[in-house]
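Chemist: Submitted below is the structure of interest, expressed as C-alpha cells.
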Amino acid sequence: MNADSVRKVITLYRQGGLDALFERVHPGRTSPLPPDIMADVGRQIAAGQQVWNSRSLVAYVFERYGITVGRTAMRTRLHHAGMSWQRTRLVVAGQADPEGKAEFKANLEAVKRGL
C-alpha cells in the first residue's frame, strides 16, 4: 500500500467510520440495449426465419430502434441473455441414396489407390 492509499483510507474512516471503508457497488456503464429490445432480438432469433449473426443483429437493432451498438457488445448481451454463439453448417436436405453412397465409397477407394 502506498502513502496515497493510506491517506485515502484514513480520510474515509474520519468522514464515515468503519462503514465508509466497506467496498461500494460499482455499477459500471449501463447497456444501450434495454431488456425489452433484447427480448425482441431473442424472439427474432427464435423465430428462425433467417440465419442471424452479430452483424445482422446490430443492423436489425439500428433499423428497428435507431440504437447503434457494436458487434462485441451485441455478442456480450446475447451471452448474458443465455444465448450461445454457434456456427451454421450447410447440410444437404434429406437422406442420400444408399446405392449412391455405396458407389461413391467404392469410387473413393479407387481414387485413393490412384486407379
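Quick note: the coordinates plus some simple rules give every number you see, no bench work behind them. Just so you know, these numbers come straight off a predicted model, no measurement behind them. In this analysis, Cβ positions are derived from the backbone assuming ideal geometry, glycine residues included, and neighbour counts consider all displayed protein chains.
Chemist: Apply 1/(1 + (r/R0)^6) to the Cβ-Cβ distance of GLU23 and GLN50, taking R0 = 35 Å, and write down the FRET efficiency to the nearest 0.05.
Modeler: Once rounded, the FRET efficiency stands at 0.20.
Chemist: Using each residue's phi in the range 31-48, evaluate 6.51 cos²θ - 1.76 cosθ + 1.60 at θ = phi - 60° and report the 3J(HN,Hα) Karplus result to the nearest Hz, with x for Gly and Pro.
Modeler: 6, x, 9, x, x, 5, 5, 5, 5, 5, 4, x, 5, 5, 5, 5, 5, x
Chemist: Mind running the shape call on the chain? Use the C-alpha gyration tensor, a ≥ b ≥ c as the square roots of the eigenvalues: rounded below 1.5 for a/c, prolate if a/b tops b/c, oblate otherwise.
Modeler: Values: a/c = 4.74, a/b = 2.39, b/c = 1.98.
Note, shape of the chain comes out prolate.
Chemist: Using θ = phi - 60° and the Karplus form 6.51 cos²θ - 1.76 cosθ + 1.60, what ³J(HN,Hα) does each residue of the range 7-18 get, whole Hz, x for Gly and Pro?
Modeler: With coefficients 6.51, -1.76 and 1.60, one gets 4, 4, 5, 5, 5, 4, 5, 5, 7, x, x, 5 Hz.
Chemist: To the nearest 0.05, what FRET efficiency results for PHE62 and ARG113 with a Förster distance of 35 Å applied to their C-beta separation? All intermediate terms of the calculation are to be shown ahead of the outcome.
Modeler: On the way: r = 56 Å, r/R0 = 1.60.
My answer for the efficiency is 0.05.
Chemist: Once you put a point 7 Å from the Cα of ARG7 and another 7 Å from the Cα of ASP97, both along the Cβ direction, what distance in nm separates them?
Modeler: Simple spin-label model gives 8.6 nm for this pair.
Chemist: Same structure again: How far is it, in nm, from the label point at ASP40 to the one at HIS80 when both lie 7 Å from their Cα along the line to the Cβ?
Modeler: With each label placed 7 Å out from Cα toward Cβ, I get 1.8 nm.
Chemist: Could you tell me which trypsin sites (Lys or Arg not before Pro) in the range 1-87 are loop residues by DSSP with no more than 10 other beta carbons within 10 angstrom of their beta carbon?
Modeler: In loop regions of the range 1-87 (DSSP not H, G, I, E or B), the sparsely surrounded trypsin sites (Lys or Arg not before Pro) are ARG24, ARG29, ARG87.
Chemist: Report, in deg cm²/dmol and to the nearest 500, the calculated mean residue ellipticity at 222 nm for the chain, where each DSSP H run with n ≥ 4 adds -39500 (n - 2.57) and the sum is divided by the residue count.
Modeler: One gets -18000 deg cm²/dmol as the mean residue ellipticity at 222 nm.
Chemist: Counting Lys and Arg as +1 and Asp and Glu as -1, each charge on the Cβ, what is the dipole of the range 34-86 about the Cα centre in debye, to the nearest 20?
Modeler: 160
Chemist: Among rounded, prolate and oblate, which fits the range 34-86 when a ≥ b ≥ c are the square roots of the eigenvalues of its C-alpha gyration tensor, a/c under 1.5 means rounded, and a/b larger than b/c means prolate?
Modeler: Since a/c stays below 1.5, the shape of the range 34-86 is classed as rounded.
Chemist: Starting from the range 17-115, pick out the GluC sites (Glu not before Pro) whose DSSP state is loop and whose Cβ has at most 13 other Cβ atoms within 10 Å.
Modeler: Listed in order of number, the matching sites are GLU23.
Chemist: Taking the dipole about the Cα centre of the chain, with the C-beta of Lys and Arg at +1 and of Asp and Glu at -1, give me whichever of TYR60, ASN2, GLN95 is farthest to the positive side.
Modeler: ASN2
Chemist: In whole Hz, with x marking every Gly and Pro, tabulate ³J(HN,Hα) for the range 99-114 from phi via Karplus 6.51 cos²θ - 1.76 cosθ + 1.60, θ = phi - 60°.
Modeler: 5, x, 5, 5, 5, 4, 5, 5, 5, 5, 4, 5, 5, 4, 7, x
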